[in-house]
């Protein structure tokens with residue numbers, strides 16, 4: 001049964017508006033594949049650059065004299081930090097002892113005042 005042209009056009013325009021046409025779908029797939037190839041090439045270039053940089057870093061090794069100086073500096077820093085920690089702990093103990101002596105002296109003075117009847 002023949003379908004009038006205006007109905008065919010309206011149905012086709014409705015389908016085109018709601019669904020992707022086969023030609024557009026093929027173009028999208030082709031574009032996606034092209035993008036994948038571009039990304040794959042860029043990834044291969046980046047991997048090659050990483051390998052080149054890793055090889056360059058592997059060639060550069062610090063000499064033993066420099067390593068010995070670094071180890072010595074680290075040892076001295078650790079010893080200095082430990083000594084400073086001990087000094088600060090001793091200072092805290094000293095001030096705690098001073099506070100105890102002052103409180104004991106204040107307590108003795110208060111007891112003497114009570115004994116003498118001053119309070």
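No value in this document is a laboratory result; all are computed from the given coordinates. Keep in mind that what you see is a predicted model, and the values were worked out from it rather than measured. In this analysis, Cβ positions are derived from the backbone assuming ideal geometry, glycine residues included, and neighbour counts consider all displayed protein chains.
Annotations
- Between 0 and 90 degrees, the angle of helix 22-59 with respect to the longest Cα principal axis of the chain falls at about 40 degrees.
- Label-point separation, residue 70 to residue 16 (7 Å along Cα→Cβ), nm: 6.8
- Against the main long axis of the alpha-carbon atoms of the chain, helix 5-18 sits at an angle near 20°.
- Convex hull of Cα atoms in segment 1-68, direction-averaged projection (nm²): 8.2
- Among [x] 12, 45, 33, 9, 1, 0; [y] 9, 11, 10, 10, 9, 9, 9, 9, 9, 7, 5, 2, 1, 0; [z] 12, 30, 23, 17, 12, 5, 0, the entry derived from the coordinates for P(r) over Cα pairs in 10 Å bins from 0, in percent: [y]
- Once the Cα atoms are used to define both axes, helix 64-116 deviates from the longest principal axis of the chain by about 50 degrees.
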